[in-house]
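Q: Encoded as structure tokens, here's the structure I'll be asking about.
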Amino acid sequence: MARSRLNLLRYYAKIVEITNAHYIEGFTYSYVWRKYVYPVYPISYDTYMRIINYPRLAQELEDLEAARANGALRPRVSEVRKPELWELPSSRRVPQNQMSIIFPE
């Protein structure tokens with residue numbers, strides 16, 4: 001859960017960064033959303049407003065980045081590797097003479 005949360009907060013931070021770069025006093029946020037955010041990240045205006053009003057975004061992102069740097073987050077994929085084709089038992093292998101492709105004449 002923590003890694004997907006980290007990616008979600010990074011996504012939110014990018015949207016907030018775009019908003020801070022293009023927001024001009026006197027314009028509405030819908031202008032920034034329509035012109036700069038929606039073409040890159042097609043989200044609804046309600047979602048956009050929820051993202052830019054997210055409390056403690058920077059703090060949560062910093063905490064998760066620190067936890068990742070310290071190795072506190074577990075990897076999503078286990079370290080078990082899949083067996084190679086040649087490691088399969090002979091009963092599950094395709095015989096060498098049946099591997100050729102036969103085209104109809």
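The values are calculated or read from the model by the stated rules, or taken from the named source; none is laboratory data. Just so it is clear, the structure is predicted and the values come from calculations on it, not from any experiment. Backbone-built Cβ (ideal geometry, glycine too); neighbour counts: all protein chains shown. Ligands, DNA and RNA are stripped out before the accessible areas are found, and what is left, the full protein with its side chains, is counted by its heavy atoms. Shrake-Rupley method; radii C 1.70, N 1.55, O 1.52, S 1.80 Å.
Q: How do the peptides 17-28, 56-67 rank, highest first, by the average count of neighbouring beta carbon atoms within 10 Å per residue?
A: Answer by packing, highest mean first, reads 56-67, 17-28.
Q: Fully extended, how many nm does the chain gain between Tyr29 and Ala66 (0.36 nm per residue separation, minus their Cα-Cα distance)?
A: Taking 0.36 nm per residue and subtracting the Cα distance, the gain is 10.2 nm.
Q: Further, regarding this structure: So what are the ³J(HN,Hα) numbers for region 61-72, from phi and the Karplus equation (6.51, -1.76, 1.60; θ = phi - 60°), rounded to whole Hz, Gly and Pro as x?
A: The phi angles translate into 5, 5, 5, 5, 5, 5, 5, 5, 5, 7, x, 6 Hz.
Q: List, in order, the whole-Hz ³J(HN,Hα) value for each residue of region 30-45 obtained from phi through the Karplus relation with A = 6.51, B = -1.76, C = 1.60 and θ = phi - 60°; use x for Gly and Pro.
A: For region 30-45, the Karplus curve yields 5, 5, 5, 4, 5, 8, 10, 8, 4, x, 8, 10, x, 10, 6, 5 Hz.
Q: Show me, for region 7-14, the HN-Hα J-couplings you get by feeding each phi into the Karplus relation (A = 6.51, B = -1.76, C = 1.60, θ = phi - 60°), rounded to Hz, glycine and proline as x.
A: 5, 5, 5, 5, 4, 4, 5, 5
Q: So how do Arg34, Arg68 rank on accessible area, 1.4 Å probe, biggest first, that is with the largest at the start?
A: So, going from the largest accessible area down, we get Arg34, Arg68.
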